[in-house]
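Notes to accompany the following structure.
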Amino acid sequence: MGCGQELERLEEIMRTLRSEHGCPWDREQSHWTLRPYLLEEAYEVLEAIEEGSPAHLREELGDLLLQTVFHAQLAAEAEQFNLTEVLQEINTKLIRRHPHVFAEGEATNAEGVVATWEQIKAKEKGSARSSALSGVPTTLPALMHAEKTQAKAARVGFDWPGIEGPLAKVQEEAAELVEAWEAGAQDEEGRRKLEEEYGDLLFSLVNLARFLKIRPELALRRSTEKFTRRFRRLEERVALEGQELSSLTLEEMDAIWEEEKKRL
């Protein structure tokens, strides 16, 4: 079967699952209840990409596609739109936002493509967007939300001229966080100030990542995964010696950690 036939088959399977004689679980779902599954499947696609397994990526992309078909079916049942209209809209949008490919426009590099995309997008939205920062979903993970907000501000010129600016800002915010901690955080006001300064430091680190062309969300995920691998090796080493991790001192755990750090 071709791609179109398989997509139609998937659409028909979903209609069957949602039918009167279909699956009880699928019939109970709504756009609202499916939200966590959409996020979960997106993150599993990211994991498959990082793993580097084509077979795993193929599987996870299918699971993510299912979420699109599921939501389209729910909308079709409510007589709002259907999967065909979803496909028509994205096809039209891609052609409209790539005039350098499908029309008379020109783009010599990736930065030019992004600029053109944003200009066309802004015209499409018209007066509905009153700010250069409009259009950033508030439901994004905090690091991604900060990254996209900063990128939008940068597109209208609100940006450092070079990496020295964000580097200095990170140092400044780190110093202010230490100052807030030293001032004490025993009451609600002190805790709020500490949280604010910590947030400012994170925000400045996201900005630095943009200049370094690093995706902060992915960088943090990799660091967390690296920590997890090393910690599990630490647990395995201690278990092989017939001990409990909680029975070791911090110095003993740190010594094993440093050994495993050299190996992994």
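Laboratory data are not the source of any read-out in this text; all were calculated from the coordinates shown. All of these numbers come straight from a predicted model, not from anything done at the bench. For neighbour counting, all protein chains shown are included, and Cβ atoms are generated from backbone atoms with ideal geometry for every residue, glycine included.
Once the Cα atoms are used to define both axes, helix 35-51 deviates from the longest principal axis of the chain by about 70 degrees.
Between the listed residues LEU194, GLN119, PHE227, the Cα displaced farthest toward the positive end of the dipole of the chain, a dipole computed from Cβ unit charges relative to the Cα centre, is found at GLN119.
Extension gain, ILE120-ASP187: 0.36 nm per intervening residue step, less the Cα-Cα distance, totals 19.2 nm.
Pop the C-beta distance of ALA110 and HIS145 into the FRET formula with R0 = 25 Å and round what comes out to the nearest 0.05. Each step should come with its number before you reach the end.
Values: r = 23 Å, r/R0 = 0.91.
For ALA110 and HIS145, the calculated efficiency is 0.65.
Full extension of the chain between LEU248 and THR224 gives 6.3 nm of extra length, using 0.36 nm per residue less the Cα-Cα distance. Annotation for ILE49 and THR84: the two label points, set 7 Å from Cα along the Cα-Cβ direction, are 3.2 nm apart.
Full extension of the chain segment joining THR68 with ALA255 gains 62.4 nm, where the gain is 0.36 nm per residue of separation less the Cα-Cα distance. Scattering from the C-alpha atoms of region 3-92 alone, worked out with Debye: what is log10 I(q)/I(0) at q = 0.13, 0.16 1/Å? For the requested q values the scattering log ratios are -0.48, -0.72. Given (i) 21.6; (ii) 23.6; (iii) 18.1, which label gives Kirkwood radius over Cα pairs in Å as computed from the coordinates? Matching the structure shown: (ii). The modelled label-to-label distance between VAL136 and GLU77, using points 7 Å beyond Cα along the C-beta direction, is 3.6 nm. Remark: spin-label model distance GLU236-PHE158 equals 4.9 nm, labels positioned 7 Å along the Cα→Cβ axis.
Cα-based values for region 133-264, radius of gyration first and Dmax second, are 19.6, 61 Å.
So what's the angle, to the nearest 10 degrees on a 0 to 90 scale, between helix 110-125 and the longest Cα principal axis of the chain? For 110-125 against the chain, the angle is about 60 degrees.
Principal-axis analysis of the Cα atoms of the chain puts helix 250-263 at an angle of about 50° to the longest axis. Working from the Cα coordinates of region 218-263, the gyration tensor eigenvalues give, after taking √(5λ), semi-axes of 21, 10, 9 Å in decreasing order.
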